[in-house]
Amino acid sequence: MNMSRPRLSKTLVLSAFAAVVALILTGPLSGLVLEGYDFKTRFSAPLQIAAFVLIVRFIAGLLPESWLAPRQKNEAAPRATRFKTWQLVLGGLLVYIALASLVLIASKYWLSVGILALIYILLGLGLNIVVGFAGLLDLGFVGFYAVGAYGYALGHQYLGLGFWAAIPLAAMLAGLFGMILGFPVLRMHGDYLAIVTLGFGEIIRLVLNNWIAFTGGPNGIDAPAPTFFGWEFKANATQGGVPFHEVWGLDYSSGMLDGFIFLVLLTVVALVIYAVTRLRGMPIGRAWEALREDEIACRSLGLNHVFTKLSAFAMGASIGGLAGVFFAASQGFVSPVSFSFFESALVLAIVVLGGLGSVTGVILAALFLTLMPEALREFSDYRILIFGFAMVLIMIWRPRGMIQQRRPFFTRAKG
Amino acid sequence: MSTLLDLNSVSLQFGGIIALNRVSLSVEEGSITAIIGPNGAGKTTLFNCITGFYRAQDGQILLSTKHKPLDLVQLLGGKFRLFDAPWSNIKKVFYGFFGGTHLVARAGIARTFQNIRLFSEMTVVENLLVAQHRHLNRNVLAGFLNLPGYRKAEAKALECAFFWLDIIGLSDLANQPAAALSYGNQRRLEIARAMCTEPRLICLDEPAAGLNPNETDQLSLLVKRLRDEFKVTVLVIEHDMSLVMSISDHIVVLNYGEVIAKGSPKEVQANPKVLAAYLGSDED
Ligand SMILES: Nc1ncnc2c1ncn2[C@@H]1O[C@H](COP(=O)(O)OP(=O)(O)OP(=O)(O)O)[C@@H](O)[C@H]1O
Ligand SMILES: [Mg+2]
């Protein structure tokens, strides 16, 4: 490594300094051991810690400086896209087919992990509209997720709705709830908005928990397994039903239901990704972003800020509701425990870590945050620690998220 | 020439401060009218009333239309009164809920702000596209499917955006974030953005503040062009007296929320009250 002498010596000095600081900070804590009313000194522990700090600091000093510097704010200057439309379509199709063929090889366990990851992608994309595009800090997003999930379960119980009818209806219901939440918070921003939305999410959970006659309360409620053109994914058909594997002459396997849900969910996610990407370049998407930047300027340009805000809430909420339907269908059961504030925080973390407003970033962060815990099963005690560590690192080096939203590039119309 | 905007004894108080005290003035269609006055005279407050950000507590602000004049104050909704006609009450509640400011903008009044308010993280073109929101195809389905009607509307908006970028000389910076522009460019972009809403009246709040003499000259050309070429009426607040005297057809002088003089630049310059207000000498 060719490294200038002054920098090497400077790194050494700084490392030594860090070690001394570590010694001072951790020395009394780890070096003094209480013994009755007395204490004895133990020098090895603080020295080990100091040595560790010294080495880490030294290695960090050897890394190229550009790796460590925080990224510039306007790093992602707009540029013309490098891909033609047909290339994008082809690429998207290939990825879709590759992911869809996972159904044939993945085990039931990994399929359910995949379903969870896709559900969080949906949630992330939904919240991204509200927080990333429209800049409305929403801490109660899990409420809409719950509305979708319970909409499916209760819709089946009381109205006999099936899976396919529940998808659009639950999305619309959640969108309606989004608007209902939107009205009282029209004049709120920032912290105040966050608190009210937080309360809204909790209200929904508490209602589900306490309205026992209607929702089953803490005991939860069964959600039916989806069917495909009336064919059921069961070993033996219920009354009047036809099992899927018999129609197609297949052997029954318990992973079929998960495979089916995975495929439908994958298709829905693909459509939502397309929709959200298009939305950004559409008048409504631009209006959301303009609202985030300056509400007063929006009004001076004749934009109806009320409608714009409500539409962002509704659109985000309906995607959250969609995720809820799939959650209920894949679990076969919903209870209020699944919709705690922690879920909202997790989805918000997905959006913020991925990069506010960036669709790719949200997808990557959702995959990371759902697949990582599964991959790290053995270290499950340290999962939250690793999670926190990753957050801190990203906030230091990429304060605006892993992937920065790239602005659309415009060229003058030809001719 | 006909009157475009007519203010009829407009008043507004903030607590004890009388920001506007029975201000009456009229703006001729196709003119450049300047509003001047010392700091804190109420000029920006007057703009906020005209553009619907504040609701005048008293008086009328009439915008002439093809039919009967439109009272902009009424657009902002009003106090719910039980014994009013039900329809007018429903309208008031509706406007109260949905905020009428954007309706004033839609009636054809655009504005810029004393402290620039651009969409700073969006690009220069996007700023101009947002301003054309109303003229675009906002059908979400048409957008998802990229239907021809949608594409045509987008292309037209883009053309209009570049048209204005050429006029203010920012075509090369079209894809830069608005925050990256120099101060003078930001001011001009804000004017272009207001023009993209296709207004009949444009209100400029201190457009020359912070500009160097060269940029100020360019600005005065631009403002004259708005009137002569694009046929919009201009209402401008400005402290730069040489600019005001050179561009305006008509000047209104405010002091402590009251109109103390109005007339042509010559008349205003000769008015002793104006001199007193500016130089602070006591006339009585
Ligand atoms: N929202 C408000 N609340 C309370 N007082 C206000 C408000 N807006 C303006 N004022 C007061 O109204 C008076 C007029 O203010 P305004 O901003 O209209 O002055 P101006 O003529 O635009 O001054 P400048 O030349 O400095 O821009 C001032 O005394 C100001 O303090
Ligand atoms: Mg002012």
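The values are calculated or read from the model by the stated rules, or taken from the named source; none is laboratory data. Computed from a predicted structure; not experimentally measured. Cβ coordinates were reconstructed from backbone atoms using ideal geometry, including for glycine residues, and neighbour counts include every protein chain displayed.
List of remarks:
- The residues listed here are B:Glu206, B:Glu215, B:Glu238; of these, the one that is more than 22 Å from B:His102 (Cβ to Cβ), buried (at least 21 other Cβ atoms within 10 Å of the Cβ), among the acidic types (Asp, Glu) and away from every other protein chain (no Cβ under 14 Å) is B:Glu238.
- Filtered residue count, the stretch B:119-176, keeping only those that are more than 9 Å from every other protein chain (Cβ to nearest Cβ), within 25 Å of B:Ile202 (Cβ to Cβ) and among the polar types (S, T, N, Q): 0
- From the options B:Val27, B:Val73, residue that is more than 14 Å from chain A (Cβ to nearest Cβ), assigned to a helix (DSSP H, G or I), more than 16 Å from ligand 1 (Cβ to nearest atom) and among the aliphatic types (A, V, I, L, M): B:Val73
- Within this structure, B:Val274 fails the test of being at pLDDT 90 or above, in the same structural domain as B:Phe53 (by TED's automatic domain parsing) and not in a loop (DSSP other than H, G, I, E, B).
- Restricting the first member to the stretch B:39-57 and to residues that are within 10 Å of B:Ile237 (Cβ to Cβ) and near ligand 1 (Cβ under 6 Å from one of its atoms), and the second to residues that are of a type outside the set (Phe, Trp, Tyr) and assigned to a loop (DSSP other than H, G, I, E, B), the beta-carbon pairs closer than 8 Å and six or more apart or on different chains are B:Ala41/B:Gly257; B:Lys43/B:Gly37; B:Thr44/B:Gln114.
- Enumeration of residues in the stretch A:335-355 that are in a helix (DSSP H, G or I) and among the small types (Gly, Ala, Ser): A:Ser338, A:Ser344, A:Ala345, A:Ala349, A:Gly354
- Residue within the stretch B:186-198 that is closer than 30 Å to B:Ile36 by Cβ, within 9 Å of chain A (Cβ to nearest Cβ), in a loop (DSSP other than H, G, I, E, B) and at pLDDT 90 or above present: yes
- Residues satisfying the stated conditions in the stretch A:147-177, i.e. in contact with a strand residue (DSSP E or B) (Cβ under 8 Å, 6 or more places away or on another chain) and within 20 Å of A:Leu198 (Cβ to Cβ): A:Ala149, A:Tyr150
- The stretch B:38-65, subset more than 13 Å from ligand 2 (Cβ to nearest atom) and small (Gly, Ala, Ser), residue farthest from the chain's Cα centre (by Cα): B:Gly59
- Residue check for B:Pro199: under 22 Å from B:Ser182 (Cα atoms) and touching a residue at least 60 places away in the same chain (Cβ under 8 Å): no
- Considering residues of the stretch A:291-313 that are crowded, with 24+ Cβ neighbours inside 10 Å and farther than 22 Å from B:Tyr54 by Cβ only, the residue nearest to the other protein chains (Cβ to nearest Cβ): A:Ala312
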